[in-house]
Amino acid sequence: MPGRGRGRGRGRGSDSGSGSGSGRNGRIGSGLRTYGLIAGMWMRSTMAYRASFALTAFGNLAVTAFDFIAILLMFSHVDALGGFSLGEIAFLYGTAATAFGLADLLMGSMDRLGARVRDGTLDTLLVRPAPVLVQVAADRFALRRLGRIVQGLLVLGYGFAVVDIDWTVVKVLLLPVMLVSGTAIFAAVFIAGAAFQFVAQDASEVQNAFTYGGNTLLQYPPSIFAKDLVRGVTFVLPLAFVNWFPALYILDRGNPLGLPSWLAFLPPLVAAGCLGLAGLAWRAGLRSYRSTGS
């Protein structure tokens, strides 16, 4: 069918071609500009109804705040959870929620890929002169998701206020690196989950188990989980590098697996590796895509 040929050919040319370093840098720059244009269009559309935006953003903040309220309720009955104080858990919660909120803002639309594959609307993206990944990620850019980021930063600020951290230059520099790297790791999970939806088109909930579920996991100290689970999110799906390892270093806490403290400085490398693998998965998924036809 004609639709099949177009889908396959365009997928190869837009997101998976090879070229020189300068050409690669040019594609990255073009992709970022395209993302900005699409996201800007949706932002202008959102801000046309500012009262509605304010209400939905506040609602998003309030709904996500219930997660931390549940933690506050726990601490109304206990003094520590897994050996961690309320302030220390607030620090873990704030770093995880902020990193995830940024990734959700930038890449949260990726979980709609399965629906696009099922109804054939992905074909319209394949014939446009822009990377498909960028178009999917920026589609329906939801500015209301800022509420989650604000809520995470507020909890993180509370953690700063109540935890007595022995700040050093290294720890101060490690904090923004942790947030940026954590955002990149979560973004890689969004991309890999979307790539999986090329094969299993009804797998958005599977993706959510690793994105939203991973965020919830990282809001609590690793000491309350089984060591096999901690090993899994360290060596298999390295979510532990989002905040657990660097946060344990900042809080002067020991590693539950007895691993060396220098793991706290690996998040940028882990993030780069995760993005690289997610990119390969995306290319493989896009190459295997067959248009729904007519």
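Are any of the residues in the range 240-248 among the hydrophobic types (A, V, I, L, M, F, W, C), under 17 Å from T95 (Cα atoms) and not in a helix (DSSP H, G or I)? Yes: one or more hits. Against the list (1) touching a helix residue (DSSP H, G or I) at 6+ places or on another chain (Cβ under 6 Å); (2) at pLDDT below 90, the condition D119 fails is (1). Out of the range 184-212, which residues are surrounded by 18 or more Cβ atoms within 10 Å (Cβ to Cβ) and either closer than 20 Å to W262 by Cα or among the small types (G, A, S) (or both)? Of everything in the range 184-212, those that are surrounded by 18 or more Cβ atoms within 10 Å (Cβ to Cβ) and either closer than 20 Å to W262 by Cα or among the small types (G, A, S) (or both) turn out to be A184, I185, A187, A188, A192, G193, A194, A195, A203, S204.
Of the candidates V270, V206, V233, the single residue that is β-branched (V, I, T), modelled with pLDDT under 95 and assigned to a helix (DSSP H, G or I) is V206.
With respect to V199, is the statement that it is among the aliphatic types (A, V, I, L, M), over 14 Å from the mean Cα position of the chain (by Cα) and closer than 22 Å to G82 by Cα true? Spelling it out, it is not the case that V199 is among the aliphatic types (A, V, I, L, M), over 14 Å from the mean Cα position of the chain (by Cα) and closer than 22 Å to G82 by Cα. Only one of the listed residues (A278, A284, A247) is of a type in the set (A, V, I, L, M, F, W, C), farther than 30 Å from F160 by Cα and either surrounded by 15 or more Cβ atoms within 10 Å (Cβ to Cβ) or touching a Lys or Arg at 6+ places or on another chain (Cβ under 7 Å) (or both). That residue is A278.
The values are calculated or read from the model by the stated rules, or taken from the named source; none is laboratory data. All values derive from a computational prediction rather than experimental measurement. All Cβ positions, glycine included, derive from the backbone under ideal geometry; neighbour counts span all protein chains shown.
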